[in-house]
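K.L.:
The following block contains the structure, expressed as structure tokens.
Quick note: the coordinates plus some simple rules give every number you see, no bench work behind them. Computed from a prediction, not measured in an experiment: that's the story for all the values here. All Cβ positions, even for glycine, are placed from backbone atoms using ideal geometry, and neighbour counts span all protein chains on display.
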Number of protein chains: 2
Amino acid sequence: MVDLHDEIAGKLRGVGQRYTTNRRVIIDVLEAATHPLTIQEILDRRTTLAQSSAYRNLAVLEETGVVHRVVSSDEFARYELAEDLTEHHHHHLICRSCGAVADFTVAPEVELVLAGALEQAAGDNEFSAEDHRLDLVGRCRRCR
Amino acid sequence: MVDLHDEIAGKLRGVGQRYTTNRRVIIDVLEAATHPLTIQEILDRRTTLAQSSAYRNLAVLEETGVVHRVVSSDEFARYELAEDLTEHHHHHLICRSCGAVADFTVAPEVELVLAGALEQAAGDNEFSAEDHRLDLVGRCRRCR
DNA sequence: ATTTATGCAAATCGTTTGCAAACCT
DNA sequence: AGGTTTGCAAACGATTTGCATAAAT
């Protein structure tokens, strides 16, 4: 079994990138979070990190497949660790009112049915599928 | 059976809004399209429409539930007619490279399984679900 | 006559970028 | 040394907004 940071360092090295202090700071923050975080939330948790560095490093981490950008209903991008690092396949509850994002899962049988249907759809449309998003949009507990 | 424009006019009237010329122009463009359109694509198809009017009217139409905003991988918002007007439940193929959005459907049985799983997830999380998004993210034919 | 919509131009604000200093290896 | 990363401040660009005019009721 491989340590999370070793795994990330390896992925970065594979594309000629370094695992710098700031990048590790970002990973630590995302790992501790229970839901995708906005840039501002990341900055609030680590005040030493410059905003521009957060943007630049998140871009690198996203291109490398280490973090995943989540689009919500508001104007803020949110980030979470990539699923192949967390081993936790999940989907998102997106609040239309406040933009908050929470995680949820569905039963494995449902995932199986879904995977089959998506594979067929991709084939039918000559589309090279890399990922899928299954989001529930509505009102979170606090906003409803 | 009700005409599309009558139905939209009624919905707008219901929230104290008028069905103006510009709003009808936007609906006509969206109705003729086979996939969600960006603001720029809408403007290109009707050069008399001012950009600010497009933004303002799309906001009104979205709040009224007449059009639906689709978030892709690029920085441009895309719009389509709401599903309850088109009677055509569908999902989106989103190209990670160029941001293009195409429609696809899955078998009714799959939709049923999905609906059940989502209902349960919403209940488990005290979330008031209004809509779901099932998107396939990858590379379109032209970009792969 | 009043309210609402329009078009233009300017402002907004999350994000991106230029640059010089600090950091690796 | 030779390259990359960093932080600051300035620039960018999709979207929003102020305001005077036009349209709708």
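K.L.:
Of the candidates A:Val113, A:Val66, A:Val25, which one comes out as most mobile in a Gaussian network treatment of chain A with C-alpha springs shorter than 10 Å?
P.N.:
A:Val113
K.L.:
Rounded to the nearest angstrom and ordered from largest down, what semi-axes does the equivalent ellipsoid of region A:100-144 get from its C-alpha gyration tensor (root of 5λ)?
P.N.:
So the three semi-axes of region A:100-144 are 28, 13, 8 Å.
K.L.:
Taking neighbour Cβ counts within 10 Å as the exposure measure, how do A:Cys140, B:Cys95 sort from fewest upward?
P.N.:
Taking fewest neighbouring Cβ atoms as first place, the list is A:Cys140, B:Cys95.
K.L.:
Okay, next question. So which cysteines of chain A have no other cysteine's Cβ under 4.7 Å from theirs?
P.N.:
A:Cys98, A:Cys143
K.L.:
Turning to a different aspect of this structure: Using the number of other C-beta atoms within 10 angstrom as an exposure proxy, rank A:Leu37, A:Leu85 with the fewest first.
P.N.:
A:Leu85, A:Leu37
K.L.:
Turning to a different aspect of this structure: As a test, work out the antiparallel percent of DSSP beta bridges whose residues both lie in chain B, rounded to the nearest 5.
P.N.:
75 percent
K.L.:
Let me confirm one metric for peptide A:3-15, namely the mean number of other chain beta-carbon atoms within 10 Å of its residues' beta-carbons.
P.N.:
0
K.L.:
According to the Cα gyration tensor, what semi-axes, each the square root of 5 times an eigenvalue, does the equivalent ellipsoid of the protein assembly as shown have, listed from largest to smallest in whole Å?
P.N.:
35, 22, 20
K.L.:
Continuing with this model, one more query. On the Cα set of region B:4-138, report Rg and Dmax in Å, please.
P.N.:
16.1, 49
K.L.:
What order do you get for B:His132, A:His5 when you list them from fewest to most C-beta neighbours inside 10 Å?
P.N.:
So the residues, fewest neighbours to most, are A:His5, B:His132.
K.L.:
Can I ask one more? So what is the relative contact order of region B:1-128, in percent, for Cα pairs below 8 Å that sit 6 or more residues apart?
P.N.:
Relative contact order, region B:1-128: 19 percent.
K.L.:
Right, here's the next one. Calculate the mean, over all residues of peptide A:134-143, of how many other protein chain Cβ atoms lie within 10 angstrom of the residue's Cβ.
P.N.:
Average neighbour count from other chains, rounded to a whole number: 6.
K.L.:
Quote the charge dipole size of the protein assembly as shown about the Cα centre in Debye, to the nearest 20; the model charges only the Cβ of Lys and Arg (+1) and of Asp and Glu (-1).
P.N.:
Approximately 1380 debye in magnitude.
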